[in-house]
Amino acid sequence: MKSSEIRQKFLEFFESHGHTIVASSPLVPGNDPTLLFTNAGMVQFKDVFLGQDKRPYVRATSSQRCVRAGGKHNDLENVGYTARHHTFFEMLGNFSFGDYFKRNAIRYAWEFLTQVLAIPQEKLWVTVYAEDDEAADIWLNEVGVDPTRFVRIATMDNFWQMGDTGPCGPCSEIFYDHGPDVAGGPPGSADADGDRYIEIWNLVFMQYNRDISGTLHPLPKPSVDTGMGLERISAVMQGVHSNYDIDLFQDLIKAAARETHAQDLSNNSLKVIADHIRACAFLITDGVIPGNEGRGYVLRRIIRRAIRHGYRLEQKLPFFHRLVDDLAKVMGQAYPELVDAQARVAAVLRQEEERFAETLENGMQVLEAALREQSGELAGDTVFRLYDTFGFPVDLTADIARERGVRIDYAGFESAMEDQRERARAAGKFTMQGGVEYHGASTEFYGYDSLQQEARILALYKQG
Ligand code: ATP
Ligand code: MG
Ligand code: MG
Ligand code: MG
């Protein structure tokens with residue numbers, strides 16, 4: 001079953017159950033300046049859940065384009081390392097605004113998976129929040145899920161909240177078991193981080209309102225928000241384990257191989273490039289432009305990572321922008337806005353590629369030399385020099401170092417950055433060679449959240 005068919009079947013199924021089909025909103029959220037990118041289907045309905053926006057419907061369904069490459073949800077560092085994470089993906093969702101609650105949400109999900117898609121029940125695992133007896137009862141006694149594939153989870157993985165205050169509630173998640181050939185334990189076990197049991201669908205039950213003191217008050221009209229990754233359910237339906245083996249990715253991977261002259265289609269860099277062209281093309285379509293701060297800097301970081309993976313495949317000339325046409329062939333039908341923006345997207349990418357090409361080669365030589373000399377940890381001033389002089393975002397350097405099992409001295413990087421700031425302050429204003437402009441004390445360094453996450457992931461990686 002093709003991905004486009006699954007998307008269609010999902011929307012039609014929920015439409016037949018009284019849901020209004022709502023188009024995907026753009027990746028730049030129109031209603032929330034604090035959110036970097038749209039990262040879930042519920043984002044465009046946030047004000048509806050809060051009761052601040054009224055719609056002519058109480059049930060909705062959508063296939064939402066999402067990016068998780070910064071902010072609270074950042075999967076950038078997972079791309080190329082897991083079979084299931086992308087920077088850009090599509091989230092299928094059904095929503096109830098004070099209408100149906102747990103019972104119907106659970107029944108619809110189970111019916112869609114086991115009847116419409118005919119997935120064998122034995123392949124599915126279900127989790128609920130440990131204290132959610134109501135959901136447990138529906139799953140075990142009404143739906144009849146096998147208790148040996150049912151897990152109560154006490155962590156925040158199964159408790160969702162919009163923010164420190166506001167709507168929140170328990171979740172119930174559905175996992176697919178890809179079989180014993182893949183490493184990883186079932187949900188809730190010590191090695192649940194593996195890729196054998198893959199989370200496909202999250203059902204969020206918005207049940208409480210958390211006040212400023214942290215107290216939970218029951219919502220008068222509880223709501224439902226669900227999200228299922230289209231690429232993950234497509235992998236299940238297409239009988240493959242990795243998302244990168246589904247139809248949506250295969251043509252992109254071949255196109256990336258064509259443009260980089262890579263011979264081996266299983267090369268990891270091709271997957272990363274295929275992931276990144278989706279994120280970059282849709283971000284530019286939705287109005288983001290590569291730049292040195294905020295959303296633009298996240299986009300620049302993703303583009304530079306893609307270019308570096310091309311370089312890793314020995315493609316040193318601009319190639320990335322040529323994948324836009326291939327992407328439009330794969331996704332243009334579902335997203336006509338991409339086709340409309342196609343020429344502009346390619347032009348923006350090309351310009352960014354040409355710009356980075358000027359410093360990439362020299363930067364790589366500096367980095368290679370440093371990696372030969374410095375084992376275990378890359379010195380902070382090397383990281384800073386790459387950032388400052390060669391335009392290497394820190395996460396890019398970290399990604400390359402990680403491939404060699406080398407950590408980055410973040411503290412050293414920070415103090416090199418601070419020294420530079422001091423000098424900049426003294427001089428009033430300063431433009432660094434990498435193109436990053438410093439305006440004395442008002443300078444902000446973006447991408448820090450990712451840095452910290454990266455440090456954590458690198459530490460885990462080093463542990464083995
Ligand atoms: P995981 O634990 O695998 O990182 P998650 O718990 O962060 O997933 P949710 O926030 O619950 O994901 O999002 C709902 C659904 O969206 C997930 O069940 C999954 O199918 C899909 N999804 C989430 N993140 C990604 C991603 N980076 N790439 C592809 N699909 C994703
Ligand atoms: Mg996640
Ligand atoms: Mg999860
Ligand atoms: Mg989840």
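The values are calculated or read from the model by the stated rules, or taken from the named source; none is laboratory data. Please read all numbers here as calculations on a predicted model, not as lab measurements. Cβ: placed from backbone, ideal geometry, glycine included. Neighbour counts: every protein chain shown. What goes into the accessible areas is simple: the full protein's heavy atoms, side chains included, and nothing from ligands, DNA or RNA. Shrake-Rupley method; radii C 1.70, N 1.55, O 1.52, S 1.80 Å.
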### Task
Could you list all residues from the stretch 68-85 that are more than 14 Å from ligand 3 (Cβ to nearest atom), of a type outside the set (A, V, I, L, M, F, W, C) and buried (at least 20 other Cβ atoms within 10 Å of the Cβ)?
Gly70, Glu77, Gly80
### From the options Leu113, Leu140, residue that is in contact with a strand residue (DSSP E or B) (Cβ under 8 Å, 6 or more places away or on another chain), open to solvent by 30 Å² or more (accessible area, probe 1.4 Å) and hydrophobic (A, V, I, L, M, F, W, C)
Leu140
## Note on the structure
Residue set Ala118, Ala135; condition loosely packed, with under 12 Cβ neighbours inside 10 Å, among the hydrophobic types (A, V, I, L, M, F, W, C) and more than 15 Å from ligand 1 (Cβ to nearest atom); output residue Ala118
### Inter-residue pairs, beta-carbon under 7 Å, first under 13 Å from Leu216 (Cβ atoms) and in the stretch 156-174, second within 12 Å of ligand 3 (Cβ to nearest atom) and open to solvent by 30 Å² or more (accessible area, probe 1.4 Å), 6+ apart
Cys168/Trp160; Gly169/Trp160
### Query
For the stretch 86-99, what are the residues that are more than 15 Å from ligand 3 (Cβ to nearest atom) and either open to solvent by 10 Å² or more (accessible area, probe 1.4 Å) or of a type in the set (Val, Ile, Thr) (or both)?
Thr87, Phe97, Gly98, Asp99
### Task
Would you mind stating whether Ile153 is within 16 Å of ligand 4 (Cβ to nearest atom) and touching a residue at least 60 places away in the same chain (Cβ under 8 Å)?
no
### Query
Hey, among Phe159, Phe150, which residue is within 16 Å of ligand 3 (Cβ to nearest atom) and of a type in the set (Phe, Trp, Tyr)?
Phe159
## Note on the structure
Flagged in the stretch 203-243 as among the aliphatic types (A, V, I, L, M), away from ligand 2 (no atom under 16 Å from the Cβ) and part of a strand (DSSP E or B), in numbering order, are Met206, Leu216, Leu219, Val224
### Given (1) crowded, with 16+ Cβ neighbours inside 10 Å; (2) closer than 30 Å to Gly294 by Cβ, number of the condition Gly30 does not satisfy
(1)
### Query
In the stretch 248-281, what residues are open to solvent by less than 10 Å² (accessible area, probe 1.4 Å) and of a type in the set (Ser, Thr, Tyr)?
Thr260, Ser269
### Summary
Apart from one, (1) away from ligand 4 (no atom under 16 Å from the Cβ); (2) surrounded by 21 or more Cβ atoms within 10 Å (Cβ to Cβ) all hold for Met228; the odd one out is (1)
